[in-house]
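Here the structure is laid out as structure tokens; the discussion comes afterwards.
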Amino acid sequence: MAITDKQLEDMLVSYPDLVLKNRKKHLILKKSAESCQTIEANTRTIPGIISQRGCCFAGCKGVVVGPIKDMVHIVHGPVGCAYYSWGTRRNKARADDTTPKENIYSQLCFVTDMQEKDIVFGGEKKLAKMIDEVVEMLHPRAISICSTCPIGLIGDDINAVAKAASERHGIQVLAFSCEGYKGVSQSAGHHIANNNIMENVIGKGTQRKPGKYVINILGEYNIGGDSWELERVLEEIGYTINCVMTGDSSYVDIRNLHLADLNLVQCHRSINYIAEMMQAKYGMPWLKVNFIGVDATAESLRNIAQCYGDEALTRKTEEVIARETARVAPVMEHYRKICEGKTAFIVVGGSRSHHYQYLLRDLGMETIVAGYEFAHRDDYEGREVISTIKGDADSRNIPELHLTPDKENYQEAHVYLNMTLEKFEELKKKVPISYYEGMNKSMKDGHVIIDDANHHEVEEILRTIKPSIYLSGVRDKYISHKMGVPSKQLHSYDYTGPYAGFNGAMNFARDIANMMTTPAWGLIKAPWEEQRKK
Amino acid sequence: MLECIPTRQVEHTTGKINPAKTCQPIGAMYAALGIHRCMPHSHGSQGCCAYHRMGLTRHFREPIVASSSSFTEGASVFGGAANLKTSIKNVFKIYDPDIMAVHTTCLSETIGDDVPTIIKQSEVPEGKVVIHANTPSYVGSHITGFSNMCKAMVAYLAESNGAAKKERVNVLPGFVSPGDMREIKRIVSVLGVDLTMFPDTTNVVDGPLTDKYDMYPEGGATVQEIRDSGNSKLTLALGPWSSDAAGALLQEKCGVPCVPLRVPVGVRATDDFIMALKDGFDVQVPRSLTIERGQVVDTLIDTHFHYQGKKVAVAGDPDLVIPLTDLLLTMGMIPAYVTTGTPGQRFETEIQGMLDQAGVSGSIVKAEGDLFDLHKWVKDNPVDLLIGNTHCKYVARAEDIPLVRFGFPIFDRAVHPLMPVTGYRGCLRLIEQISNTLLDRQDRDCKDEDYELVM
């Protein structure tokens with residue numbers, strides 16, 4: 001199914017000139033014949049335009065920092081931001097070898113609850129007092145402080161409060177100045193979180209987990225139990241999962257992040273900074289993976305095995321892939337019969353809109369419109385464009401850390417993988433080491449790529465292009481339903497999951513088929529109303 | 001679950017752990033949705049608007065549309081006037097509402113944006129209106145935010161033409177679900193009294209699926225209706241925290257007498273509501289309502305042994321928790337812990353007064369509390385039942401106490417926004433929920449030989 005330029009133009013006719021001029025740059029109709037189709041991304045949303053985007057705080061506390069289960073995360077600000085980011089992202093966590101149940105605070109919400117007088121006279125004392133009480137009460141291993149909008153404006157020095165509290169209590173207190181107004185979306189918050197964790201936590205531990213192949217999974221948040229499904233498969237193959245950033249992760253494990261051989265990067269947008277910085281500081285290589293989809297999972301597993309170049313590991317990988325794909329095949333085939341030939345419209349996050357296209361393809365579905373909420377150009381066009389991205393006032397407000405090789409722990413990437421430099425160079429040609437190709441390459445001609453899709457555009461696409469399903473967030477879900485298009489949240493999976501890996505693919509297939517075939521879709525017109533015009 | 005919560009006494013005096021309130025803007029946004037063809041607008045970072053839309057969407061499972069000024073760091077330094085002006089222009093051009101209801105956030109309030117002046121300087125198309133409410137997140141709660149937006153509706157819109165008042169009642173329903181607003185309207189209609197309800201979220205956040213999406217559903221009080229509320233004979237302001245301010249302003253501005261009442265949850269609060277209409281409009285209460293009331297009393301007598309004497313802990317918003325506590329006392333239950341996150345000493349005074357009158361002693365009643373407080377109380381001295389929003393489910397599981405979901409937000413159960421907890425029908429629903437929940441627990445826990453067919 002191809003979409004035309006005319007359809008896209010019609011969609012935008014009601015825009016005032018300035019809005020039109022702006023939004024045109026965020027929309028691409030894919031045409032392979034045109035050599036470099038660039039998209040504008042990571043720029044301001046126009047005021048008044050109903051965007052799906054959240055803020056810097058949501059990206060920092062909500063996405064990256066919040067899931068660390070053995071830290072107390074204190075939101076410094078009025079009550080709201082803490083309240084809305086409390087338990088709503090479904091980052092599952094459970095006790096493990098290094099973190100007993102008593103050290104897990106994931107279900108709690110801590111907020112200084114700033115009042116008017118605190119805004120006037122400052123909230124530093126209140127924050128310090130709350131830290132003291134929490135330490136006395138829970139004895140956490142570490143604490144984070146995440147600032148909300150007014151904190152930056154009134155000038156509370158959370159770094160000073162953190163430093164003093166750290167000295168008082170002998171535990172690390174991390175201060176994240178992730179006020180909502182910074183940057184243009186959640187993306188700024190990812191970066192701020194990455195920087196602080198990189199500078200102050202990673203590298204502080206000394207315990208390498210036992211195992212021949214020790215890996216980290218970065219940018220995996222264990223929503224609906226995704227990372228547990230990945231761990232099931234990876235551990236069976238023979239990998240030791242050192243740490244998942246940050247789904248079901250612990251502060252203790254993050255300190256040891258550098259004591260692995262390889263970083264796998266699942267969500268490129270939210271965590272590529274740490275992957276890059278670890279490469280700079282420790283030399284550790286990173287590999288872009290995608291565990292969404294049966295074929296994609298198999299390919300990622302093969303790529304990881306190739307990184308080690310170990311025959312036994314490759315054999316075991318193939319054995320597990322063969323068994324798992326055979327196991328899921330009949331289920332996928334069953335649902336494929338329902339889904340085949342249907343079309344999808346996806347707008348989520350900064351990686352999922354790409355990843356899920358593979359899983360949809362497993363089901364015979366075509367993604368005809370796709371876009372990200374808060375991605376940068378490299379997430380669309382590939383990392384090769386990074387050097388051409390111009391910074392602006394908003395992006396320059398987020399510091400870039402420039403790290404130098406660590407004296408004790410730096411080693412060349414090929415040494416991590418126990419291979420010669422030549423072999424490593426060969427490997428880089430075969431698998432995406434330190435590289436992400438972006439989403440656009442996997443879109444077909446006549447399909448639409450859309451950045452920061454807004455309400456008006458979503459409504460127009462649903463109305464005129466009529467995809468079979470819409471995969472997005474909760475704010476759009478019910479709008480789509482009202483328009484007769486089944487919709488699934490790909491942030492929270494509509495409270496089911498996992499969707500990653502082999503078991504996840506089966507869950508997703510079942511849920512997509514069910515949402516399209518649920519019998520109530522046939523009841524929309526009452527019998528006394530005119531029959532629906534087909 | 002929650003093994004980290006200590007059993008020993010701890011000091012918790014600063015900040016909130018597991019808050020029992022959220023911030024003002026979400027309440028203002030919800031109130032604004034109760035105006036027909038209204039675009040709620042959040043003057044702050046886009047994260048505020050995103051979070052509030054998320055919270056309301058999860059609770060109602062309905063489209064919640066609202067726009068944002070999308071502040072960046074520059075706007076935060078230089079002020080948000082340009083952002084608001086651009087927003088107003090774009091919203092009317094692209095989304096074409098009849099009215100925009102702007103609420104502020106902690107960001108724009110801390111900067112000190114003068115919103116009324118910015119609105120005056122903005123391009124508002126002929127025939128369209130922009131109203132505003134100040135809702136800094138560091139004051140009050142979602143309930144006071146709701147109240148502030150209701151008050152703004154009166155301040156900007158309500159007018160008196162000076163003529164004789166119309167035989168019509170204004171009902172300010174408070175922060176309740178559309179199911180409740182519908183039930184309250186039904187009772188007024190059964191009494192034969194002409195009504196203006198604002199805000200009115202029926203047919204807005206409980207809309208049908210008809211294969212046609214309308215950004216502005218058919219419900220909501222129209223701007224004209226709110227204007228004309230100044231010519232009504234009487235206002236019933238339900239719930240002091242959510243509705244008193246708007247009711248009082250309407251009285252002051254347009255001379256419409258305001259009767260402050262509780263939200264009609266429970267028999268007595270519903271009786272009061274009906275009596276206020278009966279007295280205000282000199283109408284007969286039809287037999288159908290007397291029958292509805294009698295059915296509630298009949299049920300209470302028939303089922304009292306399911307719940308009488310059971311200890312219950314309640315957390316929620318003050319305008320709902322106060323009359324709910326009255327219902328629980330009517331049921332012979334013992335409200336051992338009653339808390340709200342919203343500030344207001346009156347909460348403690350009113351509830352303590354009811355407990356004293358019912359001869360219940362030793363209870364803890366706390367305004368500006370949180371669910372950590374509640375958890376600690378329950379841990380120290382257990383209860384038989386919890387009543388509160390979805391966040392209470394963790395306390396319920398950790399302490400193995402059954403939970404009846406009540407109030408806002410409820411994220412983990414559906415249908416509730418369409419069903420009332422108000423009026424006599426609401427009483428029956430609450431009695432059924434409380435009774436069934438306790439009986440399910442008894443069925444689950446009892447020995448085989450004690451498993452009963454008839455209960």
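No lab work stands behind these numbers, since they all come straight from the coordinates. Just so it is clear, the model here is predicted, and its values are computed rather than measured. Cβ sites come from the backbone with ideal geometry, for glycine too, and all protein chains shown count toward neighbours.
Report the relative contact order of chain A, percent, no decimals, based on alpha-carbon pairs under 8 angstrom and at least 6 residues apart.
Values: 1023 pairs, mean separation 101.4, N = 534.
About 19 percent, as a whole number.
Where the only charges are on Cβ atoms (+1 Lys, Arg; -1 Asp, Glu), what is the dipole of chain B about its Cα centre, to the nearest 20 debye?
Working: 43 positive and 54 negative charges, 160 e Å.
Rounded to the nearest 20 debye, it is 760 debye.
How large is the translational diffusion coefficient of the protein assembly as shown in µm² per second when you combine the Kirkwood radius over alpha carbon pairs with Stokes-Einstein at 4 °C and 1.567 mPa s?
On the way: Rh = 29.6 Å.
My calculation gives 44 µm²/s for D.
Using Cα atoms only, what is the angle between the long axis of helix B:81-90 and the major principal axis of chain B, expressed in degrees (0 to 90) to the nearest 10?
In chain B, helix B:81-90 runs at an angle near 90 degrees to the longest axis.
Based on DSSP H runs of at least 4 residues, each adding -39500 (n - 2.57), what is the mean residue ellipticity at 222 nm of chain B after dividing by all its residues, to the nearest 500 deg cm²/dmol? All intermediate terms of the calculation are to be shown ahead of the outcome.
On the way: 17 runs with 204 residues, N = 455.
It comes out at -14000 deg cm²/dmol, rounded to the nearest 500.
Taking each pair of distinct Cα atoms in the range A:18-111 once, what is the resulting Kirkwood hydrodynamic radius in Å? Walk me through the numbers on the way to the answer.
On the way: mean 1/r = 0.0597 Å⁻¹.
Its Kirkwood hydrodynamic radius stands at 16.8 Å.
To the nearest 20 Debye, how big is the dipole of the range B:24-157 about its Cα centre, given +1 on the beta carbon of each Lys and Arg and -1 on that of each Asp and Glu? Before the final figure, lay out the partial values.
Values: 10 positive and 9 negative charges, 55 e Å.
For this selection, approximately 260 debye.
So what is the relative contact order of chain B, in percent, for Cα pairs below 8 Å that sit 6 or more residues apart?
On the way: 925 pairs, mean separation 78.0, N = 455.
Rounded, it is 17 percent for chain B.
How are the alpha carbon pair distances in the range A:56-180 distributed across 10 Å bins from zero to the largest one, expressed in percent?
Percent of pairs per bin, in order: 14, 47, 33, 5, 0.
For chain B, report the % of Cα-Cα distances exceeding 39 Å. Numbers along the way, then the final one.
Numbers: 22978 of 103285 pairs.
Above the 39 Å cut-off, chain B has 22 percent of its Cα pairs.
Can you tell me the convex hull volume per residue for the range A:221-281, based on C-alpha atoms, in Å³ to the nearest whole number? Each step should come with its number before you reach the end.
Numbers: hull volume 5.2 nm³, N = 61.
Normalising the Cα hull of the range A:221-281 by residue number yields 84 Å³.
Order these peptides, B:124-137, B:365-378, by their mean beta-carbon neighbour count within 10 angstrom, highest first. Write out the running numbers ahead of the final one.
Numbers: B:124-137: 20.1, B:365-378: 22.1.
Packing order, densest peptide first, comes out as B:365-378, B:124-137.
If you add up the charges near B:His304, with Lys and Arg at +1 and Asp and Glu at -1, over every other residue whose beta carbon is less than 13 angstrom from its beta carbon, what do you get? Before the final figure, lay out each step's value.
Values: positive: B:Lys310; negative: B:Asp298, B:Asp302.
Cβ neighbours under 13 Å give a net charge of -1.
Between rounded, prolate and oblate, where does the range B:63-207 land on the alpha carbon gyration tensor, with a ≥ b ≥ c its root eigenvalues, rounded for a/c under 1.5, else prolate if a/b exceeds b/c? Before the final figure, lay out the partial values.
Details: a/c = 2.07, a/b = 1.78, b/c = 1.16.
Because a/c hits 1.5 or more and a/b exceeds b/c, the range B:63-207 counts as prolate.
So what are the ³J(HN,Hα) numbers for the range B:440-455, from phi and the Karplus equation (6.51, -1.76, 1.60; θ = phi - 60°), rounded to whole Hz, Gly and Pro as x?
4, 5, 4, 4, 6, 8, 6, 6, 3, 5, 9, 6, 9, 7, 10, 9
Taking square-rooted eigenvalues a ≥ b ≥ c of the alpha carbon gyration tensor, is the range A:281-364 rounded, prolate or oblate, where a/c under 1.5 means rounded and, failing that, a/b exceeding b/c means prolate?
Working: a/c = 4.49, a/b = 1.35, b/c = 3.31.
It comes out oblate by the Cα gyration axes.
What net charge is computed for the residues neighbouring A:Gly66, neighbours being all others with C-beta under 13 Å from the C-beta of A:Gly66, Lys and Arg scored +1, Asp and Glu -1?
+3
Could you work out the mean count of beta carbons from other protein chains within 10 Å of each residue's beta carbon in A:181-193?
Values: counts 15, 5, 2, 4, 4, 3, 0, 2, 1, 0, 0, 0, 0.
Averaged over the peptide's residues, the number is 3.
Between B:Val102 and residues 5 or more places away or on another chain, which pairs have amide H atoms under 5 Å apart, with H built 1.01 Å from N, and which residues are they?
Correct list: B:His41, B:Ile131, B:His132, B:Ala133.
Using the Cα centre of the protein assembly as shown as origin and beta-carbon charges of +1 (Lys, Arg) and -1 (Asp, Glu), tell me which of B:Gly47, A:Val13, A:His456 is placed farthest towards the positive end of the dipole.
Looking along the dipole axis, the top candidate is A:Val13.
Projected area of the range B:215-327, taken from the Cα convex hull and averaged over every viewing direction, in nm²?
Numbers: hull surface 40.4 nm².
If I average the Cα hull's projected area over directions, I get 10.1 nm².
Please compute, for peptide B:133-139, the average count of beta-carbon atoms on other protein chains lying within 10 Å of each residue's beta-carbon.
Working: counts 0, 0, 0, 6, 12, 14, 4.
Going residue by residue through B:133-139 and averaging, the value is 5.
Once you keep just the Cα pairs under 8 angstrom separated by 6 or more residues, what percentage relative contact order results for the range B:288-449? Don't skip to the answer; put the middle values down first.
Values: 213 pairs, mean separation 38.3, N = 162.
Value for the range B:288-449: 24 percent.
With 16 Å as the cut-off, how large is the P(r) tail for the range B:1-113, expressed as percent of Cα-Cα pairs? Walk me through the intermediate numbers first.
Details: 4071 of 6328 pairs.
Value for the range B:1-113 (Cα pairs over 16 Å): 64 percent.
When all C-alpha to C-alpha distances in the range B:341-455 are sorted into bins of 5 Å, what percent of pairs does each bin hold, rounded to whole numbers?
2, 9, 15, 18, 22, 19, 10, 4, 1, 0
Could you list the square roots of 5 times each eigenvalue of the Cα gyration tensor of the range B:402-455, that is, the equivalent ellipsoid semi-axes, sorted largest first and rounded to whole Å?
Numbers: eigenvalues 142, 38, 11 Å².
Result for the range B:402-455: semi-axes of 27, 14, 7 Å.
Expressed as cubic angstrom per residue, what is the convex hull volume of the alpha carbon set of the range A:409-519?
Numbers: hull volume 20.5 nm³, N = 111.
Value for the range A:409-519: 184 Å³ per residue.
Where does the Debye-calculated log10 I(q)/I(0) of chain A sit at q = 0.05, 0.10, 0.13 Å⁻¹, using only Cα point scatterers of equal weight, no solvent?
Per q value, in the given order, log10 I(q)/I(0) is -0.20, -0.83, -1.37.
Ignoring everything except DSSP H segments at least 4 long, calculate the 222 nm mean residue ellipticity for chain A; use -39,500 (n - 2.57) per segment, divide by total residues, nearest 500. Each step should come with its number before you reach the end.
Working: 21 runs with 217 residues, N = 534.
For chain A, the value works out to -12000 deg cm²/dmol.
If we sort A:277-287, A:406-416 on the protection proxy, mean other Cβ atoms within 10 Å, highest first, what's the order? If you can, show how the numbers build up before the last one.
On the way: A:277-287: 21.5, A:406-416: 14.3.
For the peptides A:277-287, A:406-416, the packing ranking is A:277-287, A:406-416.
Hey, what do the phi angles of the range A:178-189 turn into as Karplus ³J(HN,Hα) couplings, whole Hz, using 6.51/-1.76/1.60 and θ = phi - 60°, x for Gly and Pro?
Going residue by residue, I get 10, 3, x, 7, 6, x, 10, 5, 4, 3, 4, x Hz, with x marking Gly and Pro.
Taking the Cα centre of the range A:56-180 as origin and charging only Cβ (+1 Lys, Arg; -1 Asp, Glu), how large is the dipole, in debye to the nearest 20?
Working: 14 positive and 15 negative charges, 84 e Å.
Dipole about the Cα centre, nearest 20: 400 debye.
What translational diffusion coefficient, to the nearest whole µm²/s, does the range A:458-534 have by Stokes-Einstein, given a Kirkwood radius computed over alpha-carbon pairs, a temperature of 37 °C and 0.692 mPa s viscosity?
Details: Rh = 13.8 Å.
D, rounded to a whole number, is 239 µm²/s.
If you line up the long axis of helix B:142-157 against the longest principal axis of chain B, both from Cα atoms, how many degrees apart are they, to the nearest 10?
With both axes taken from Cα atoms, the answer is about 40 degrees.
Tell me which of A:Ser227, A:Val244, A:Ile171 sits at the most positive position along the dipole axis of the range A:161-262, charges placed on C-beta atoms (Lys, Arg +1; Asp, Glu -1).
So the residue furthest toward the plus end is A:Ile171.
Using only the alpha carbons of the range A:118-269, determine the length spanned along each of the three principal axes and report them from longest to shortest in whole angstroms.
Dimensions of the range A:118-269 along the principal axes of its Cα atoms: 58, 36, 26 Å.
Any idea which of B:Asn90, A:Phe374, A:Pro432 is furthest toward the positive side of the dipole for the protein assembly as shown, if Lys and Arg beta-carbons carry +1 and Asp and Glu beta-carbons -1?
Farthest towards the positive end: B:Asn90.
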